[in-house]
Amino acid sequence: MRPIFLFVALLIPHLASAQYQFKFKTDLPVSVSGTALTLPWTGGLNSAQFQKLDLNMDGIEDLVVYHRISKELSTFLTIDNAYVFSPDYVSLFPEEVDDWLILKDFDCDGQKDLFTSTPLGITVFRNTTTGNTLEWESAADFLRFGADINLQVNASDIPGIEDIDGDGDLDILTYRFSTASTIDYYKNTSVENTGSCGALTFIRETRRWGGFEECQCNDISFGGVCSGGIINQNEQEQVVEQVEHAGGKTILPFDIDNDGDMDLITSDEFCETLYFMENVGNAQTALMTSFSSFPDFDPAAFYIFPSAFFDDFDFDGVKDLVISSNSDQNLLNGIDFSANTFIYKNTGSNTNISLAASENFLQHEMIDLGETTYPALVDFDSDGDLDLFVGNRGLPEGADFIASIYHFENTGSRFEPTFELVNSDFLNLSNSKFRNIKPQFVDLDGDGDLDLTYQATNPINETRQFYHMNNAARNSTIDLQAVIEMGISPRETDQPFFYDLDKDGNLDLLLGTSLGALQVLRNSGNFVFSEVTSEFADIANNFNRRNLVPFVSDLDNDGRDELITADFSGEVRIHSGSLGLSFTPDSISTQVLINETLNNLESTKFGLEIPLTAGDLLGTGKPSFLIGNNRGGLYLLENLSERGNNGANSAIAMNIFPNPSRERFFVRTDVASTLEIYSITGQLINSGLPINGNSSLELNSSGLAPGIYLVRASNGINKPTVKRVIIQR
C-alpha cells in the first residue's frame, strides 16, 4: 500500500500585472545581543525629522519621518500603541518634499497640511483628503509677503511654523536668509483681514524677533549686536554686519511655561547643543534675555547640528521632545549615525511640561549600522539557508572612522529565515581602519565554492580590491584564507560587481561609477583586467543617476540573468535581454514594487545611495532584494515576479527542506506543478500531489523506510525537475 502524504499549501498573493514584482517584507525576525528587533527592515534613521499625521484615516495620528541625509520619507502606522513600518503610504505624499517637512493645519479644516522647502523658500500643499486615501493639492508654489516678495529660507534650515501671536492663524519664524543671525517674523494676516485662517498672506513684522542675535556657539547677544555690529533701531536691522554666524539653523517655537507666548528652542549647524530661550515679553512682542543648553539637566548634544521636534510620540496624550541630527552629511566623520535619535518623555502635562532623561527612540529597534550599508548573502555554514553579511561606510571610534563587516547568521531555515547578529567585526577588519567596505561572495577561482572579495578604502585614502580564497571542503563552513590584494585601484565611490560576461570562466568586473556610468573591465585570467567599455549597456555619466550600483541575477527565473542597476534617482532599474559583453537591453523596467495600500505597481525610490544584493532568501526559487542605503539600514523586498518569456524553456525551480528529513519535509516550487515520489530504484510511491506556485507543500514521510527518494515536479509546460530527498530515522 502506498504511504499517505498529508500536505498543506502555504500561499502568497498571486499578482500578474507586470513581469517584475516585489513588495516590502518586514516580518523576518532579527535579533541583536539576544533581543529581537521590532523594526529591523525599516532602513535606519539618519538626520530624521518627525511629524504626526493620520495616514489611514482611522482617527489616530501616525508617524511620518523625513530623512534629510537621504531625502526620503518613511511612514509608520500607530497600531496598539506601537509604530508599525508601513512604507506603502510614502507614495501618497507629494514628490516635491525636500530638505525639511512640517505638517500643520493652516486652513483650520482639521487636517494637517504640508510645508516644505523650495529654491524660492517655502511651498505648501493643502490636505484635501475626503475618503480613506491621503490627497494633496498645491496651495502655494512659494510663500510671499508684502509686495509679492518670496519668503526665503535657507535649504539647510528648519523654520518655525506656529501661531506666534495667538490670533488663530499660522505665522512663520526663520533666520534671515544669507545675512545676519537674527530671526525674521512673518505675521499671517489671514484672520485680521478676512476673519478666518484659510489664507496664506504674510507681512514681515520684524527682523529681530525676540530681540537677540546669535554670534557664535554659546554666544548670543541680547538687546545689542555681535561684536562690531550697529543696529538701526527704526528698521530693527543690523547695518554693519561684522559677525554673522553662518550655517544651517533650526527653530522650534512652543510655549513651555504656559504663559500664552512662544518660547524658543533653536540650534546651529556648527554647534553641539540645543539652545533654549524663554520669552519674557508677550505674544505680540517677543523678548529673550538669556539662553541655556536644553534640557538643562541632560543637554541634547551631537557632534554638530541637533534638531528638535515636539509632539506626542509615546501615545500617552502629552507632547514629548524628540531630537536627531539635522546634518545632510557626516562632516569630518564625527557623527555616530548609528545612535542619533532620542526621546525626552514628558512626565508632566501639555501645560506643565516635565521632561525625563533621554532614551533611545526607534533607532535601537532597527538594523542601523550608521552609514551606507553594503549587503551580501551566502550560505556561510552550509546548512542550506542564506546568511547575511553587511559592510558599512564606518563609525567614529576616537579620532578614527572605521568600517567593518557585520555577520548575521540565519538561525532559521531556508523557507523561514531568522537572523541573529553573531559578529560585528567579521575577519577583524576594523584593525585595518578601512572605511566603505563593500563585500561580495563569488567563485573567484572557478573551483565551485564561494570566495570573499571586498572593496575598501584605507586611512590614507587609497581604495583597493581585496579577496580571501575559500579553502573549505564541499558542504562545510566557508574557510577563508589570508587576504590578497587584487591589482586594481578603483575609486572609493565606485561600486564593483564580479560576473563572467563573456562566459570564458574568468570573472569580469562591472564597475558602477559616482558619475553614473557603468564600466566593464574584462578579466583575461589571473585577475588581469583591461577596460572593454566605459558605457556598458549605454549607461553613461548622468548627473541625475550618479552613484551607480550594478548587480546581476535571474529575477524572474526564466533561465536568463538580468542586469540590475540602482542610482542617485532612488530607482531600481532592471535591464532585460541576452547579457554579454555587447549587451543591449530588450527592455528596461523601473516599476517593480507592489503597493498593497493602493493595490497597484509603481516605481519606488529608496534613497540617494542604494547598494543592493539578491538571493533566494525565502526559498521560493526566485531571488529577493536586500537594499542598503546611506542611513545605515536595510530594506527587504520579496520577489513576486512571474516567469519571463523564456519561462517555458526553463526547468521548474524546486526546493526541498529539511534535507535529510525525518518525519516530514517541505517542497516548494516557483510555478504550479504536480509532484510524484519515487524510490531510488524507480518505484512510484505516490503521485498526483498538486502544489501551487510560490507555495510550500508539507509532506509527512513517517511511513517511508529510511533511504533516498526522488521528488519529481512537472506541469506540462516547463521542464520537469527531479531532486533527491534523504529520509532518516
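The values are calculated or read from the model by the stated rules, or taken from the named source; none is laboratory data. Remember, it's a predicted structure, so these values are computed and weren't measured experimentally. Note that we place each Cβ from the backbone using ideal geometry, even for glycine, and neighbour counts take in every protein chain shown. For the accessible areas, the whole protein counts, side chains as well, though only heavy atoms, and no ligand, DNA or RNA atoms are used. Shrake-Rupley method; radii C 1.70, N 1.55, O 1.52, S 1.80 Å.
Annotations
- The set of residues from the range 654-679 being over 25 Å from Gly559 (Cβ atoms), free of Cβ contacts under 8 Å to residues at least 40 places away in the same chain and open to solvent by 20 Å² or more (accessible area, probe 1.4 Å) comprises Glu663, Arg664, Tyr678.
- Any hit, the range 693-700, residues being under 30 Å from Leu28 (Cα atoms), without any contact (Cβ under 8 Å) to a residue 40 or more places away in the chain and open to solvent by 40 Å² or more (accessible area, probe 1.4 Å): no
- Residue check, Ala36 open to solvent by 20 Å² or more (accessible area, probe 1.4 Å), closer than 19 Å to Gly632 by Cα and out of contact with any helix residue (DSSP H, G or I) (no Cβ under 8 Å at 6 or more places or on another chain): yes
- Of the listed requirements (1) open to solvent by less than 20 Å² (accessible area, probe 1.4 Å); (2) closer than 28 Å to Gly195 by Cβ; (3) more than 26 Å from the chain's Cα centre (by Cα), Val153 misses just one: (2).
- Any hit, the range 551-571, residues being open to solvent by 40 Å² or more (accessible area, probe 1.4 Å), in a strand (DSSP E or B) and over 18 Å from Gly607 (Cβ atoms): no
- Any hit, the range 217-228, residues being within 30 Å of Ser325 (Cβ to Cβ), at pLDDT 90 or above, of a type in the set (A, V, I, L, M, F, W, C) and crowded, with 22+ Cβ neighbours inside 10 Å: no
- Leading residue by the ranking (modelled with the lowest pLDDT) among those in the range 382-400 that are farther than 14 Å from Asp425 by Cα and buried (at least 19 other Cβ atoms within 10 Å of the Cβ): Asp385
- Residue count for the range 98-136, restricted to those that are aromatic (Phe, Trp, Tyr), surrounded by 21 or more Cβ atoms within 10 Å (Cβ to Cβ) and within 26 Å of the chain's Cα centre (by Cα): 2
- Gln284 satisfies every condition listed in (1) out of contact with any strand residue (DSSP E or B) (no Cβ under 6 Å at 6 or more places or on another chain); (2) touching a residue at least 40 places away in the same chain (Cβ under 8 Å); (3) open to solvent by less than 60 Å² (accessible area, probe 1.4 Å) except (3).
- Within the range 456-500, tally of residues that are part of a strand (DSSP E or B), open to solvent by less than 20 Å² (accessible area, probe 1.4 Å), closer than 21 Å to Asn428 by Cα and of a type outside the set (Val, Ile, Thr): 4
- Answer from Asp58, Asp62 - the residue that is more than 16 Å from the chain's Cα centre (by Cα) and open to solvent by 30 Å² or more (accessible area, probe 1.4 Å): Asp58
- Screening Leu388 against (1) more than 18 Å from Leu608 (Cβ to Cβ); (2) touching a residue at least 60 places away in the same chain (Cβ under 8 Å); (3) touching an Asp or Glu at 6+ places or on another chain (Cβ under 6 Å) leaves a single unmet condition, (3).
- Residue, modelled with the lowest pLDDT, within the range 414-452, restricted to residues that are closer than 30 Å to Glu365 by Cβ, open to solvent by 40 Å² or more (accessible area, probe 1.4 Å) and assigned to a loop (DSSP other than H, G, I, E, B): Arg414
- Among residues of the range 501-520, those that are open to solvent by 30 Å² or more (accessible area, probe 1.4 Å) and under 21 Å from Ser553 (Cβ atoms), counted: 6
- On the stretch given as the range 262-281, residues that are surrounded by fewer than 21 Cβ atoms within 10 Å (Cβ to Cβ) and closer than 17 Å to Lys187 by Cβ total 1.
- Flag for Phe50 being in contact with a strand residue (DSSP E or B) (Cβ under 9 Å, 6 or more places away or on another chain), surrounded by 15 or more Cβ atoms within 10 Å (Cβ to Cβ) and modelled with pLDDT of 95 or more: yes
For every residue, the table says whether it meets (1) surrounded by fewer than 22 Cβ atoms within 10 Å (Cβ to Cβ); (2) modelled with pLDDT of 95 or more; (3) closer than 30 Å to Val30 by Cα.
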| residue | (1), (2), (3) |
| --- | --- |
| Arg573 | yes, yes, yes |
| Ser578 | yes, no, no |
| Asp586 | yes, no, no |
| Leu593 | no, no, yes |
| Thr597 | yes, no, yes |
| Ala614 | no, yes, yes |
| Gly628 | no, yes, yes |
| Asn645 | yes, no, no |
| Ile652 | no, no, no |
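- Only residues that are assigned to a loop (DSSP other than H, G, I, E, B), of a type outside the set (Val, Ile, Thr) and under 20 Å from the mean Cα position of the chain (by Cα) were counted in the range 574-612, giving 9.
- The lone exception for Pro396 - which of (1) within 16 Å of Leu636 (Cβ to Cβ); (2) assigned to a strand (DSSP E or B); (3) in contact (Cβ under 8 Å) with a residue 60 or more places away in the chain it fails: (1)
- In the range 331-344, residue surrounded by the most Cβ atoms within 10 Å (Cβ to Cβ) [restricted to those that are more than 14 Å from Leu362 (Cα to Cα) and touching a residue at least 60 places away in the same chain (Cβ under 8 Å)]: Ile335
- Screening Ser514 with (1) at positive phi; (2) without any contact (Cβ under 8 Å) to a residue 40 or more places away in the chain; (3) under 21 Å from the mean Cα position of the chain (by Cα) gives one miss only, at (1).
- Checked across the range 528-540, the condition of being aromatic (Phe, Trp, Tyr), open to solvent by less than 50 Å² (accessible area, probe 1.4 Å), closer than 20 Å to Phe498 by Cβ and free of Cβ contacts under 8 Å to residues at least 60 places away in the same chain holds for at least one residue.
- If you go through the range 67-88 and keep only what is crowded, with 23+ Cβ neighbours inside 10 Å, touching a strand residue (DSSP E or B) at 6+ places or on another chain (Cβ under 7 Å) and in a loop (DSSP other than H, G, I, E, B), you end up with just Arg68.
- Contacts under 7 angstrom Cβ, first residue in the range 352-377 being in contact (Cβ under 8 Å) with a residue 60 or more places away in the chain, partner acidic (Asp, Glu) and open to solvent by 10 Å² or more (accessible area, probe 1.4 Å), 6 or more apart: Ala357/Asp298; Ser358/Asp298; Gly370/Asp336; Thr372/Glu609
- Being crowded, with 19+ Cβ neighbours inside 10 Å, among the polar types (S, T, N, Q) and modelled with pLDDT under 90 is true of Gln19.
- In the range 337-366, the residues that are in contact with a Ser or Thr (Cβ under 8 Å, 6 or more places away or on another chain) and outside any strand (DSSP E or B): Phe337, Asn340, Thr347, Gly348, Ser354, Phe361, Leu362, Gln363, Glu365, Met366
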